[in-house]
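Where a number appears in this text, it was derived from the coordinates with a stated rule and is not lab data. Since this is a predicted model, take the numbers as computed values, not measurements.
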Amino acid sequence: MFQMDYHRTRSAQLIREAQQDRLAREAARARRTARQEASGRDGDTVAESHTDRPRRHRLPRTA
């Protein structure tokens with residue numbers, strides 16, 4: 001009986017966490033869209049970049 005209660009509790013907790021994650025992603029997406037519209041950029045054609053540095057393809061490590 002203990003295992004079944006633990007399973008139900010854990011399942012309910014995971015569902016709550018997933019819902020919170022979805023809400024957080026939705027809020028971040030809404031803020032990003034509002035910021036892009038306010039700056040006059042078109043969000044479909046401009047990719048967001050986290051850094052100004054160009055991306056380099058690194059060589060694989062040698063043995």
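On full extension of the chain, what length is gained from residue 21 through residue 8, given 0.36 nm per residue of separation minus the C-alpha to C-alpha distance?
Length gained, residue 21 through residue 8: 2.7 nm.
What's the extension gain from residue 28 to residue 57 if we count 0.36 nm per residue and subtract their Cα-Cα distance?
Values: separation 29, 0.36 × 29 = 10.44 nm, distance 2.91 nm.
Extra length available between residue 28 and residue 57 comes to 7.5 nm.
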